[in-house]
Amino acid sequence: MKRMMALLAAVVLCWNVVPVMAQDADVAAKFAELLPQMSSDDVGGAQQTSQKDWMRIVLDATAPGKDVDREKVNALMIGALQGDAPVITKAWLLHLLQWSGTAKEVPEIAKFLGNDEVRLRDAAARALSNNPCEEAYQTLEAAQKVGTDAERIAAAIKDRTKEVADPGDESEMPQALPYVSVSVEKKLEWLGKWNEMDSVAKTRTLAGLKVLFVNQKVFRQMRIANAEKTGNQDVQRVRAEPQNRAAGESRMARREMAGPAAPVMAMAKECALAAVKSDDCEAKKAGVLLLGEIANAGDLPVLTELLFSYDRGLMIGVMKNLVSDGFDQALFQAMLNESDAGRLETLADICAGRFNVDAAQAILAVAKKADCPNRFRMLQIAEGVSTKANVSDYVDALLLIPAGGDRDRVEQMIARLSSGDAEPVVAKLNDENTAELLPCIGRVGGEKALEVVSRAFNSNMQREAIRAYCNWPNAVVADKLWEISQTDALDDADQIAAMRAFIRVGSLPDEEIGIQTTAAAKLDSMKKAFEKAMRVDEKKLAIERAAAIRDLATLQWALTFLGNDELSASGYKTIVELGHHDFLRKAHKAEFRDALQKVIDSCKDEGLVNRAKDYIGKIPQ
C-alpha cells in the first residue's frame, strides 16, 4: 500500500503526459540522451526536465502488464549506477528504483548502503524500504547487523514493516488531542503520562499533536486569506510575497502560544524532543514531524544534529517548511559557521528551499569567503533564488575562482542572471580585474558590453577582448569574429577560437541569433567558414552546426560530404539531425527518404543508423 501511495504521488506530477514508452521505441537511446542532463548545472532547466522526463518513462514502465518494459528501464538504471555517473544522477536513479525496483535489482542497490555519500546511502535505504520483495527486507536486516549506518537502516526496516493499528475511540486519548472541544487540562493530563506510555501510545500522541498544530496553521491561513479579502490593515502586506505570508502566520502563532493553549505547546515540545532523542524509530519519526510544526530558532541545534545523523531527506523537508520567527537568520548563521563541505551544501540547499528573500544574499556571503570549501556549489544553489540584484556578489565570488571549468560555469550563471545587461558586471571593473572580467562581460553581451570589449580590443588587452568576443551569446559580433579569424597577424589559437565562435553564433536559431537574417544567409555563413577554416576540426564543426539550419538546402549540402573519408561522419550526423524534424520530413519526403537510406546503407555509427531507420519509417508514403 505504501508503494502504491508513493506511485500515485509521482503520477500526479505527470498527470497530463502521454506515456513516453509508447512514443519512443528506443528507450535506451532516450536514456543515453537524458542521462548527462540529469546532473546539468542548469538546475531548474535541463536537470529538472531530464529527470522528470525519465521519471515519466519509469512510471509508465511500472504499469500492470509491462514487466518487459520495467525490466528494460531497470537494467538501464542499474547500468548507470555501476558506472561513473555523478552523485546527483545516481541519487535520482535510486529514488526512481524505489517505485520500479524488483528482487533482481536488490543486490546492486544494496551496494550503496555503505557508500561514502550520505545522499546515496539514504536513497538506497529508501529504495529497499519501498521494495516489497523479501530479498529487500533480508538485505536491510543483514545491513543492520553489520552496524554501518544502523539507525538509518533500522528506520528503513521499521518503515516497511509497520502495521496500522486500530485508531480506537476518538473520544479517548490520544485520539482526542486534535479536537478543540477537549479541554487543555485533559490534554495536559495525558501528556503528563509520557514516561508511562508504550511505543504505540507515544507515536499516536505525537501524531495527534501534529494534527492539532496543523489544524491551527490551517486556521491561521484562513484568517490571513479572509483578512486579505476584507482589507484588514494588520496583514495587508502578506499579499506581496510568500515570505510575508509566512511572517503573518508566525505572528499569529506567537499570539496563540501566549494564550490558554501555551502549556500544551510547551509539553508537546518536551515530548517531541524526548522522542527524537530516543531509540524508538516510530516515535522518533513522529517527533520529527511534530517539530516541523512547533520548533523555533532555538531548536536549530537539535534539528541540525538530526539532519546529519538521522533521515536526511525527511529532515530537509521539515526544515524547509518550518515557520518560525528568526529561524532563517539562525540557519544563515549556522551556514556561515560551517566548515564541512557536505554539511554546508545541505544547509545551503535548505536555505534556498525556504525561499526567503535574504536566502541568496546569505548563501552568497558564504560563497565569497576566502576559505569556502565548495564555492561553485554554493553559487549553483544560490542561483535558484537569485536575481540581477545579486550579480555583484557573483562577480566577487568569480574573482576568487581559478581559471578553468568552474570559472566558465560561474560566468554562465552570471550571464543567465544578467539577462543581456552587463551593467552590474561592468560596475565592478577596476584596473586590477578588467582583464579577468572581460570574458564574463562578453558572455553577458549587450550594448554596454560591446562598448567595453571594443575599447579593450584596441588597447593592451586584445587577447582578453578576443575571448570576450568568442563568448558572445549571439551573432551581433559575427562580423568582428570573422575579421579576427582572418587576421593572419594574430596567433593561430586566437584565429581558430574566433572561427569556432563565428560558426556557433551564425547557426543559432532565429529566436537566439540576435540579428535579422534568413536560413539561406546562415547556411552561407557555414559554407564560408568551411571554405576558410584552417583545420578539419572547424570544417566538421561547420557541417554539424548547420544541422540547426532546418532547410532543404542544408540537407543537400550535407549530402555532398558523404564520399569524403574525413567529413562523411559529420555529414551523416547532420542528415540524421535534420531528419529528426517531422515538418521537414513531410515537406520533402523523397529527399529525406533518399538521404536517410544513404545513412542506413553506409554509416558505421550504429546509433545514427537506428535513428535513421526510425525517421525513415515515419515518412508518409
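Long-range amide H contacts for residue 461: which residues qualify at under 5 Å (H placed 1.01 Å from N, peptide plane, sequence gap of 5 or more or a different chain)?
For residue 461, no residues qualify.
For a quick protection proxy, order the peptides 200-212, 496-508 by their average other-Cβ count within 10 Å, most packed first.
Ranking the peptides 200-212, 496-508 by packing returns 496-508, 200-212.
Give the carbon-plus-sulfur fraction of the accessible surface of the range 350-402 in %, rounded to a whole number; probe 1.4 Å, heavy atoms of protein chains only.
C and S fraction of accessible area: 53 percent.
For the range 505-515, just list the computed ³J(HN,Hα) in residue order, Karplus coefficients 6.51, -1.76 and 1.60, θ = phi - 60°, integers in Hz, with x standing in for Gly and Pro.
Ordered by residue, 3J(HN,Hα) equals 6, x, 10, 5, x, 4, 6, 10, 6, x, 9 Hz.
Mind ordering 594-601, 581-588 by average Cβ neighbours within 10 Å, highest first?
Descending mean neighbour count gives 594-601, 581-588.
Just grab the label-to-label distance for residue 528 and residue 336, each label 7 Å out from Cα along the Cβ direction, in nm (one decimal).
5.5 nm
Using a 1.4 angstrom probe and counting only protein chains, how large is the accessible area of residue 510 in Å², to 10?
Spelled out: residue 510, probe radius 1.4 Å, area about 100 Å².
Roughly how far apart, in whole Å, are the Cα centres of the range 176-209 and the range 314-330?
What the calculation gives is 25 Å, centre to centre.
Return the whole-Å distance between the Cα centroid of the range 478-512 and the Cα centroid of the range 539-563.
Spelled out, the Cα-based centre of one part sits 19 Å from the other.
In vacuo Debye scattering of the range 481-621, one point per C-alpha: log10 I(q)/I(0) at q = 0.12, 0.21, 0.22 Å⁻¹?
-0.49, -1.20, -1.27
Show which lysines lie in cross-link reach of residue 613 when reach means a straight Cα distance below 26 angstrom and same-chain residues fewer than eight apart are skipped.
30, 66, 72, 540, 573, 586, 589, 598, 604
The values are calculated or read from the model by the stated rules, or taken from the named source; none is laboratory data. This one's a predicted model, so the numbers in the text were calculated from it and none came from an experiment. With ideal geometry, Cβ positions are generated from the backbone for all residues, glycine too; neighbour counts draw on all protein chains shown. What goes into the accessible areas is simple: the full protein's heavy atoms, side chains included, and nothing from ligands, DNA or RNA. Shrake-Rupley method; radii C 1.70, N 1.55, O 1.52, S 1.80 Å.
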